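Each reported figure results from applying straightforward, stated rules to the coordinates on display, with no laboratory input. None of the values given here were measured: they were computed from a predicted structure. Glycine gets a Cβ as well: all are built from the backbone with ideal geometry, and neighbour counts include every protein chain shown.
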Amino acid sequence: MIPANARLFRIFCVPLVPGMPLSVKHLLGIRDLTRQDIDLIFQTADNFKEILKRPIKKVPTLRDTTIVNVFFENSTRTRISFELAERRLSADVINFTASASSVRKGETLIDTVNNILAMKVDMVVMRHSAVGAPHFLAGHIQAAIVNAGDGINEHPTQALLDAFSIRERLGKVEGKKVAIIGDIMHSRVALSGIYCLQKMGAEVMVAGPPTLIPKYIGEAFGIRVSYDLREALAWCDVANILRIQLERQNMPVFSSLREYSQAYGVTRAILESLGKEIVIMHPGPINRGVELNSDVADSGNSIILQQVENGVAIRMAVLYLLAGQREEPAD
């Protein structure tokens, strides 16, 4: 029987970590988080994963909180994951897409969001093609901002769910060797992933064609760089395979997808030749037969579906922690 008192209902159903707020008001990037922030997000996500296993998965934690998802770029997995997380927390959800808005008539970003905020929105989840767009927004409005991807800069919740998935599979992230393989140059997942993994004590390598790896990245971040797929796979405990970001490339960086697949596509034969087991990850969507073959993506080495599942719990944790503990009305 559910207790009538909302506070008791929250205590019984959402056993989260009390008295430990995040050090940030917004989640704009992993670089802004401390190790303690990440640990708190993971502890909170652990509790939400337990809730998501129950027959009734919805909790009243963010009841009376209004969240708007503002997506200026196409998205399927991230938008659905955020929306599901919001609805699981009982938030009121508004979905905004640029293609069906006044943006097409020339309305500016700040005007668009100010109009949304005039409707008394508490939080904004934003994806934008321009680097720094969520940061710009955070400096002009009072609502909490969650960066769902800004250009080729950062995608913080993806990095968090990736590290959380490694922790779940291997027991810890600290001391593990993680290779990020593919289009490093154009990937916001790569940058956020490097920040997050290093904060958690992992060793990081990036690998791929020389034309898809920034020349400064090894020295700037103190990470390994390899242009050889087999070398990277032989070194790592975890391989996070990235999609080729053709839509972000303004010039040819390799001859063809077939050439890329032959040199950098991960196949079952390559994995079997390593003489060890490694964990395979991918942020999606997968270009099957290009960066990853189906017999690898669907194998026991792969935790790709676990990443999708963990994305909801991580985003629930982020939204909950940013919203903070709401004051209960006096009895």
*From phi via Karplus (6.51, -1.76, 1.60), per-residue ³J(HN,Hα) for the stretch 256-261 in Hz, x at Gly/Pro*: 6, 5, 5, 5, 4, 4
*Assign unit charges at the C-beta atoms only (+1 for Lys and Arg, -1 for Asp and Glu), then state the dipole size of the chain relative to its Cα centre in Debye, rounded to the nearest 20.*
380 debye
_Give me V266, V131 sorted ascending by neighbouring Cβ count inside 10 Å, so fewest comes first._
V131, V266
*Please work out how many pairs of lysine residues in the chain are eight or more positions apart (or on different chains) and have Cα atoms closer than 24 angstrom.*
19
*If you wrap the chain's Cα atoms in a convex hull and average its projection over all directions, what's the area in nm²?*
18.2 nm²
*Count the DSSP beta bridges whose two residues both fall in the chain, then state the antiparallel fraction as a percent rounded to the nearest 5.*
5 percent
_Where trypsin sites (Lys or Arg not before Pro) fall in DSSP loop in the stretch 187-237, at most 13 other Cβ within 10 Å_ = K215
*Under a 5 Å amide H to amide H cut-off, with H placed in plane at 1.01 Å, what residues pair with V131 once short-range neighbours are removed?*
I152
*asked:* Given R₀ = 22 Å, what would the calculated FRET efficiency be for E219 paired with D39, taking r from the Cβ atoms and rounding to 0.05?
replied: 0.15
_Need one word for the stretch 124-226: rounded, prolate or oblate. Basis is the Cα gyration tensor (sqrt eigenvalues a ≥ b ≥ c); a/c below 1.5 gives rounded, then a/b vs b/c decides._
oblate
_For the stretch 180-187, Karplus couplings with θ = phi - 60° (6.51, -1.76, 1.60), whole Hz, Gly/Pro x_ = 9, 10, x, 7, 6, 4, 10, 9
*How far is the Cα center of the stretch 137-189 from the Cα center of the stretch 267-313, in Å?*
18 Å
*Using DSSP to define loop residues, name the chymotrypsin sites (Phe, Trp or Tyr not before Pro) in the stretch 153-232 whose beta-carbon has at most 16 other beta-carbon atoms within 10 Å.*
Y216, Y227
_Residue-wise HN-Hα coupling along the stretch 285-295, computed from phi with Karplus coefficients 6.51, -1.76, 1.60 (Hz; x: Gly, Pro)_ = x, 7, 8, 4, x, 10, 8, 8, 7, 4, 5
*Percent antiparallel among DSSP beta bridges (both partners in the stretch 114-225, rounded to 5)*: 10 percent
_Among beta bridges that DSSP assigns inside the stretch 29-185, antiparallel share in %, nearest 5_ = 5 percent
_Dipole-positive endmost among L33, T61, G139 within the stretch 25-170 (Cβ charges, Cα centre)_ = T61
_Sorted by Cβ neighbour density within 10 Å, fewest at the top, the residues E272, E154, E259, E168_ = E272, E259, E168, E154
*asked:* If R₀ is 51 angstrom, what is the calculated FRET efficiency for the pair K120 and D295, using the beta carbon separation as r and rounding to 0.05?
replied: 0.50
